[in-house]
Amino acid sequence: MKTIKKIFASKEEETIQLDMENLPRHIAIIMDGNGRWAKKRGLPRTAGHKAGIEALREVIKASSELKIGFLTLYAFSTENWKRPKEEVSALMKLLVYYLQKEVKELHKNNVRIRTIGNIGQLPEEAISQIGKAVDLTKNNKGLTVNIALNYGGRDEIIRAVRNICKENIEGNICIENIDEEKFSTYLDTGDSPDPDLLIRPSGELRTSNFLLWQLAYAEFWFSNIYWPDFNKKHLYTAIKDYQMRHRRFGGLK
């Protein structure tokens, strides 16, 4: 029998019924719409990024409570360096602030923090704070949160190919032995399962260079909600919609 859990999604006691035996093991989220959320309210873009922190906090908590295994969050892309320096600087400071403020609570809740992307190009303060968060939570067994920082799907694939070529030159790997499974281990998400569900708020209908290899058979869920307005009700709704789909992976049901 299915294990059905009624989730209270709001103060109005709205409930969403989820099949607890058919939850996505890995959810990926493109946290989009902060700037437009702020512009709509006549606020600077940085205000939107700050507001998005509350959504981030709620989604991590809700995912942990549902016992989701992995949550990958697109926080800063390789293309985001093109934004005004003031905004990039504010984003980096916000990252440091978030980790300093939240990491103890995340650790208390058995959440493991990791990053994907080329973090070596981030400011030293950000790199230091990331290192502390990763080290503190590395042995936790609950929800794994992958924070994508200076991340791009194409860049990730190129880095993986370079590492394979290097190992081949050194005689550590034979090219003929590279298959999809082996190649996946060279990606930043090498020890995580591929996402089952991709969530993108803000009304955009694209992947934006996010997890290009890993999303091959993920279910996509789009919404016009800006990220700062995204809450656990929307997360539950996305999961409910996911549970209504039939995943065939190219075969027949």
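The residues packed around Tyr97, meaning those with a beta-carbon under 11 Å from its beta-carbon, carry a net charge of +1 if Lys and Arg are +1 and Asp and Glu are -1. Lys and Arg at +1, Asp and Glu at -1: add these up for the other residues within a Cβ distance under 14 Å of Asn80 and post the number. Around Asn80, the surrounding residues sum to -1.
Peptides 116-123, 141-148 ordered by packing proxy, namely the average of other Cβ atoms within 10 Å per residue, highest first: 141-148, 116-123. Between Gln17 and Ile7, the built amide H atoms are under 5 Å apart, and every one of these is 5 or more places off in sequence or on another chain. The amide H of Thr115, built 1.01 Å from its N in the peptide plane, has Ile147 as neighbours under 5 Å, considering only residues 5 or more places off or on other chains.
Summarising the strand pairing of the chain, around 15 percent of its internal DSSP beta bridges are antiparallel.
Dimensions of the range 1-143 from C-alpha coordinates, computed as largest minus smallest value along each principal axis and given longest first, are 54, 40, 24 Å.
The string of couplings for the range 119-133 from the Karplus curve (6.51, -1.76, 1.60, θ = phi - 60°) is 6, x, 8, 7, x, 4, 4, 5, 4, 5, 5, 4, x, 5, 5 Hz, one whole number per residue in order, with x for Gly and Pro. Residues whose amide H comes within less than 5 Å of that of Phe210, counting only those at least five positions distant or on another chain, are Gly153 (H built at 1.01 Å from N in the peptide plane). Backbone geometry of the range 239-251 corresponds, through the Karplus equation with coefficients 6.51, -1.76 and 1.60 at θ = phi - 60°, to 3J(HN,Hα) couplings of 5, 4, 5, 4, 6, 8, 8, 10, 8, 10, 6, x, x Hz, x marking Gly and Pro. Computed from backbone phi with θ = phi - 60° and the Karplus coefficients 6.51, -1.76 and 1.60, the 3J(HN,Hα) list for the range 77-93 is 8, 5, 7, 5, 5, 6, 6, x, 4, 5, 6, 4, 4, 5, 5, 5, 5 Hz; x is used for glycine and proline. Against the set (i) -0.78, -0.88, -1.06; (ii) -0.75, -0.88, -1.17; (iii) -0.85, -0.97, -1.24, the structure's computed log10 I(q)/I(0) by the Debye sum over Cα atoms at q = 0.12, 0.13, 0.15 Å⁻¹ falls on (ii). When the pairs Lys39/Lys93; Lys67/Lys232; Lys67/Lys93 are compared against a 23 Å limit on Cα-Cα distance, Lys67/Lys93 fall above it.
Quick note: the coordinates plus some simple rules give every number you see, no bench work behind them. Values in this document were obtained by computation on a predicted structure and should not be read as measured data. Using ideal geometry, Cβ is built from the backbone for each residue, glycine included, and neighbour counts are taken over all protein chains shown.
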